[in-house]
Amino acid sequence: MCQPKQIAVDDPRFLELDTFLKKLQGEKGIAMIALQKAQQLFGYLPLEVHKHISAFTGISVAELYGVSSFYSQFLLEAEGKHRISVCMGTACYVKGSQKVLDKLCELLNIKVGEVSSDGLFSITAARCIGCCGLAPVIMIDEEVYANIVDLNELEQILDSYRSKEAAAVTVSVASADNKGEAEDLA
Ligand code: FES
């Protein structure tokens, strides 16, 4: 089953975070500063990072989550360029959303909370997104994809995003080439 990946306890970024936190001892507002630094180092703030900061500072994990979930600057999960939200609400779950989630993880070779190797996609398990009559449902960014009963559809959906990205790269390379030619002629 597709579960979130954990950051290893011996990850060297924890040492860097500790060095930073030592310098802050005794100061006010440490929770905010610690979380900002941790996000800078890890890119997002999973549970193990909250636990680590808690152990080091004595601030409870609940209090840290109170801060990190309140401010939109903090990411609780890693994010790719396109965020795939798989609805795990009751209606979608009954209609097979777990299989949808597992298939997406398999296709992208990632787990929930990770980013695909090309940086394009991340996966998150979401609560009901309000389209229960169309279950099972996923969202990619703001776009809703309904009735995902044929799992083969998922590959086509992902490919449509890959194609758009490839086209965008081609256009930007072409416009850079045109600019270069114009400068050569000037
Ligand atoms: S349960 Fe999935 S949209 Fe409501």
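Can you name every one of the strands (runs of 3 or more DSSP E) wholly within segment 62-161 that holds 1 or more residues which are within 16 Å of the ligand (Cβ to nearest atom) and at pLDDT 95 or above?
Values: elements: 82-87, 121-126, 138-140, 143-145.
Result: 82-87, 138-140, 143-145.
Out of Leu104, Leu64, Leu47, Leu35, which single residue is within 29 Å of Pro136 (Cβ to Cβ), under 21 Å from the mean Cα position of the chain (by Cα) and crowded, with 17+ Cβ neighbours inside 10 Å?
Details: Leu64 fails: within 29 Å of Pro136 (Cβ to Cβ); Leu47 fails: crowded, with 17+ Cβ neighbours inside 10 Å; Leu35 fails: within 29 Å of Pro136 (Cβ to Cβ).
Result of the check over Leu104, Leu64, Leu47, Leu35: Leu104.
Quickly run through segment 51-100 and pick out the residues that are touching a strand residue (DSSP E or B) at 6+ places or on another chain (Cβ under 6 Å) and within 19 Å of Lys28 (Cβ to Cβ).
Listed by number, the list is empty, since nothing qualifies.
What is the number of the single condition among (1) at pLDDT 90 or above; (2) outside the structural domain of Cys131 (by TED's automatic domain parsing) that Leu24 does not meet?
Failed condition: (1).
Within segment 38-69, how many residues are of a type in the set (D, E, K, R) and over 19 Å from Ala8 (Cβ atoms)?
Narrowing segment 38-69 to residues of a type in the set (D, E, K, R): 48, 51, 63.
Subsequent filtering for residues that are over 19 Å from Ala8 (Cβ atoms) retains 63.
Summing the residues that are of a type in the set (D, E, K, R) and over 19 Å from Ala8 (Cβ atoms) in segment 38-69 gives 1.
Of the conditions (1) charged (D, E, K, R); (2) assigned by TED's automatic domain parsing to the domain that holds His52; (3) within 18 Å of Asn152 (Cα to Cα), Glu63 clears all except one; give me its number.
Of the numbered conditions (1) charged (D, E, K, R); (2) assigned by TED's automatic domain parsing to the domain that holds His52; (3) within 18 Å of Asn152 (Cα to Cα), the odd one out for Glu63 is (3).
Filtering segment 47-61 down to residues that are aliphatic (A, V, I, L, M) and in a helix (DSSP H, G or I), which residue is farthest from the ligand (Cβ to nearest atom)?
Let us first name the residues in segment 47-61 that are aliphatic (A, V, I, L, M), namely 47, 49, 53, 55, 59, 61.
Among the residues that remain, those that are also in a helix (DSSP H, G or I) are: 47, 49, 53, 55, 61.
Values: Leu47: 24, Val49: 29, Ile53: 33, Ala55: 37, Val61: 29 Å.
Per the criteria, the residue is Ala55.
Does Lys164 satisfy the criteria of being part of a helix (DSSP H, G or I) and modelled with pLDDT of 95 or more?
Details: part of a helix (DSSP H, G or I): yes; modelled with pLDDT of 95 or more: no.
Criteria not met by Lys164.
Quickly run through segment 48-90 and pick out the residues that are touching a Leu at 6+ places or on another chain (Cβ under 9 Å) and more than 15 Å from Met32 (Cα to Cα).
Glu77, Gly80, Lys81, His82, Ile84, Val86, Met88
The values are calculated or read from the model by the stated rules, or taken from the named source; none is laboratory data. Just so we're clear, the structure is a prediction, and the values are computed from it rather than from any experiment. Every residue, glycine among them, receives a Cβ derived from its backbone with ideal geometry; neighbour counts consider all protein chains shown.
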